[in-house]
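A.B. asks: Right, I'll just put the structure down here and ask away after.
Coordinate-derived values only; no laboratory data. Bear in mind that the values here come from a model prediction, so they are computed numbers and not experimental data. No Cβ is skipped: glycine too gets one built from the backbone with ideal geometry, and neighbour counts run over all protein chains shown.
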Amino acid sequence: MLVALSGLPGVGKTTIARELARVAGAVHLRIDSIEQTLRNAGLSVATEGYLVAYAVAEDNLRAGRVVIADCVNPVPATRDAWRALAERSDCKVLEVEVVCSEPREHRRRIESRVADLSGHTMPTWSEVLQHDYQPWTHARLVVDTAQKSTADCVAAIASAMRANA
């Protein structure tokens with residue numbers, strides 16, 4: 001199964017993805033890690049991080065692993081690509097939008113975050129607000145980190161994974 005997380009920076013995707021990968025014994029693919037590694041190697045990054053992630057995810061899905069894709073996944077093109085990848089890999093896909101419905105809390109998280117990747121520059125609140133994050137046009141599971149704990153969000157996603165297996 002492919003679990004494709006999406007959501008603006010600072011909503012809690014990576015925290016959820018790490019814990020979900022731990023409890024599910026899944027592969028955690030973090031776009032930020034891929035993109036920052038490419039930048040640290042002196043490369044310019046546009047879509048390359050997603051392209052690398054799609055390839056690594058496909059290899060792992062074909063090997064029978066559960067993959068947790070941790071990315072902003074902001075536009076229909078990236079969302080469609082994850083679904084197409086799951087179809088090519090003959091596996092199920094669970095799309096999850098992670099949100100933080102309380103703007104003050106979301107802003108606090110953005111402004112207090114510390115980079116955990118060498119060289120990674122964290123986005124400012126202004127940059128998050130200007131991010132091109134397009135509305136969803138199809139069904140997905142929505143988890144709200146302002147309303148639920150990480151454990152509750154992980155439990156909700158794990159439950160949906162079992163229901164869609």
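A.B. asks: Report ³J(HN,Hα) in whole Hz for each residue of segment 93-102, in order, from the Karplus equation J = 6.51 cos²θ - 1.76 cosθ + 1.60 where θ = phi - 60°; Gly and Pro get x.
C.D. replies: These are the phi-based 3J(HN,Hα) values: 10, 10, 9, 10, 9, 9, 10, 10, 6, 10 Hz.
A.B. asks: If you don't mind, there's one more thing I want to ask. Enumerate the calculated ³J(HN,Hα) couplings along segment 154-162 in order (Karplus 6.51 cos²θ - 1.76 cosθ + 1.60, θ = phi - 60°), each rounded to whole Hz, writing x wherever the residue is Gly or Pro.
C.D. replies: Per-residue couplings from phi come out as 4, 4, 5, 5, 4, 5, 5, 4, 5 Hz.
A.B. asks: Okay, next question. What is the Rg over Rh value, at two decimals, for segment 72-165, using alpha-carbon atoms and the Kirkwood definition of Rh?
C.D. replies: Rounded to two decimals, Rg/Rh equals 1.00.
A.B. asks: Next up: For a Förster distance of 41 Å, can you work out the FRET efficiency between the beta-carbons of Ala165 and Ser126, rounded to the nearest 0.05?
C.D. replies: Computed FRET efficiency for Ala165 and Ser126 comes out at 0.50.
A.B. asks: Could you work out how much longer the chain between Thr37 and Ala146 gets when fully extended? Use 0.36 nm per residue separation minus the Cα distance between them, nm to one decimal.
C.D. replies: 36.2 nm
A.B. asks: Counting Lys and Arg as +1 and Asp and Glu as -1, each charge on the Cβ, what is the dipole of segment 1-155 about the Cα centre in debye, to the nearest 20?
C.D. replies: For this selection, approximately 240 debye.
A.B. asks: Can you list the residues, at least 5 places off or on another chain, whose amide H is less than 5 Å from the amide H of His28, using H built in the peptide plane?
C.D. replies: Here Ile68 satisfy the definition.
A.B. asks: How much length would be gained if the chain were fully extended between Ala115 and Arg83, taking 0.36 nm per residue of separation minus their Cα-Cα distance, in nm to one decimal?
C.D. replies: So the chain would gain 8.5 nm between Ala115 and Arg83.
A.B. asks: Also, I was wondering about something else. Quick one: what Rg and Dmax do you get for segment 80-133 from the alpha carbons, in Å?
C.D. replies: Spelled out, the Cα radius of gyration and Dmax of segment 80-133 are 15.7, 41 Å.
A.B. asks: Among 59-65, 85-91, what's the highest-first ranking by average C-beta atoms within 10 angstrom per residue? Walk me through the numbers on the way to the answer.
C.D. replies: Working: 59-65: 13.9, 85-91: 16.3.
Going from most to least packed, we get 85-91, 59-65.
A.B. asks: Here is a follow-up. Hey, what do the phi angles of segment 18-28 turn into as Karplus ³J(HN,Hα) couplings, whole Hz, using 6.51/-1.76/1.60 and θ = phi - 60°, x for Gly and Pro?
C.D. replies: In residue order, the calculated couplings are 4, 5, 4, 4, 5, 6, 8, x, 9, 7, 9 Hz.
A.B. asks: When the helices in the chain are scored as -39500 (n - 2.57) per DSSP H run of 4 or longer and the sum is shared across all residues, what 222 nm value do you end up with, to the nearest 500 deg cm²/dmol?
C.D. replies: -15000 deg cm²/dmol
A.B. asks: Sticking with this one: Whole angstrom only: what separates the Cα centroid of segment 105-159 from the Cα centroid of segment 21-57?
C.D. replies: Centre-to-centre distance over Cα atoms comes out at 17 Å.
A.B. asks: Right, here's the next one. Using amide H atoms built in the peptide plane, which far-off residues or other-chain residues are under 5 Å from Glu102 H to H?
C.D. replies: Ala146
A.B. asks: Taking amide hydrogens as modeled 1.01 Å from N in the peptide plane, which residues meet the under 5 Å criterion relative to Val142, leaving out close sequence neighbours?
C.D. replies: When sequence neighbours closer than 5 places are left aside, the close amide H contacts are Glu97.
A.B. asks: Right, here's the next one. Excluding Ala41 itself, what net charge comes from residues whose Cβ is under 14 Å from its Cβ, given Lys and Arg +1 and Asp and Glu -1? Each step should come with its number before you reach the end.
C.D. replies: On the way: positive: Arg39; negative: Glu35, Glu48.
With Lys, Arg at +1 and Asp, Glu at -1, the net is -1.
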